[in-house]
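Pasting a structure here, questions to come.
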Amino acid sequence: MKAVCLFSGGKDSTLALHRAFGRGIKVDQLLTISPDNDYSYMFHKPNIKFTSLQAESLGITQVMIKTKGNKDEELIDLESAIEDSNADLIITGAIASQYQKSRVDAICEKLGIIDYSPLWGIEPLEELKELAKNFDVIITKVSADGMDKSLLGAHIDGDTIIKLLDIERKFHINLSFEGGEAESFVLDAPLFKKKIIVDKSHVENDGTNGEYIIDNAHLENKI
């Protein structure tokens, strides 16, 4: 059985990948969809090119597919990419978004592929605590009330979780970020053979949306 993971390099797809491995699923390929714009309903864009470092660290073949990111066209591109992968099982990092999960479900049903979403229904705070304990994840984009530029580049650790909980109480954000509140990037994880070091980065912020952009990065051996 060929297992393929829809992989963005963020916290959800990386944790889903690790959960799949933990349940004995050998993942043969990472399928990364790279949108041309920032308004994709299905995929995220910040620092997507550096997923190649994650794939190298994991030792898993990656296929990256470009899409314009338009609402309808990107689903056609996704279906084509999944079909071309010859997957028997697709792993996704869906947590609560019916929009995303229902569309992947429909594609997999049409193609006769198993859709596996190991994080579906996970309690958001449980996920954040697991990430803080076992992963090194940074926040790379914010676009919600209460989420200011101080979070850009912040590691998801105990202090950041406390700050996010305070923002949730005041502004009712989704702690999983599935409402588009924020995006993330994984620098290290239990299955990574090497960790990612950011050499150079910069922040862009227009007062409403902010983005932490990695300019250069490399892999480094773990101590």
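For segment 75-96, which residues satisfy the criterion of being buried (at least 19 other Cβ atoms within 10 Å of the Cβ) and within 17 Å of the chain's Cα centre (by Cα)?
Answer for segment 75-96, where residues must be buried (at least 19 other Cβ atoms within 10 Å of the Cβ) and within 17 Å of the chain's Cα centre (by Cα): Leu78, Ile90, Ile91, Thr92, Gly93, Ala94, Ile95.
Next up: Can you tell me which residue among Asp88, Asp36 is charged (D, E, K, R) and more than 18 Å from Ile213 (Cβ to Cβ)?
Matching residue, one of Asp88, Asp36: Asp88.
Taking strands (runs of 3 or more DSSP E) that fall entirely within segment 20-119, which contain at least 3 residues that are under 20 Å from Asp188 (Cα atoms)?
Answer list for segment 20-119: 27-35.
Still on this model: Restricting the search to segment 127-148, which residues are surrounded by fewer than 16 Cβ atoms within 10 Å (Cβ to Cβ) and over 17 Å from the mean Cα position of the chain (by Cα)?
Result: Lys133, Asp145, Asp148.
What are the pairs, 6+ residues apart or on separate chains, where a residue within segment 166-182 that is touching a residue at least 60 places away in the same chain (Cβ under 8 Å) has its Cβ under 6 Å from a residue that is buried (at least 17 other Cβ atoms within 10 Å of the Cβ) and among the hydrophobic types (A, V, I, L, M, F, W, C)?
Ser176/Ile95; Glu178/Ile95
Name every residue in segment 1-19 that is in a loop (DSSP other than H, G, I, E, B) and either modelled with pLDDT of 95 or more or crowded, with 23+ Cβ neighbours inside 10 Å (or both), in order of residue number.
Lys2, Phe7, Ser8, Gly9, Gly10, listed by residue number.
Kindly indicate whether Asp166 is farther than 14 Å from Glu127 by Cα, at pLDDT 95 or above and surrounded by fewer than 21 Cβ atoms within 10 Å (Cβ to Cβ).
yes
I would also like to ask the following. Here is a check on your reading of the model: is Lys26 out of contact with any His (no Cβ under 8 Å at 6 or more places or on another chain) and touching a residue at least 40 places away in the same chain (Cβ under 8 Å)?
Here the answer is no, as Lys26 does not meet what is asked.
The values are calculated or read from the model by the stated rules, or taken from the named source; none is laboratory data. Note that this is a predicted model, so its numbers are computed, not measured. As a convention, Cβ positions derive from the backbone with ideal geometry for all residues, glycine included, and neighbour counts pool all protein chains shown.
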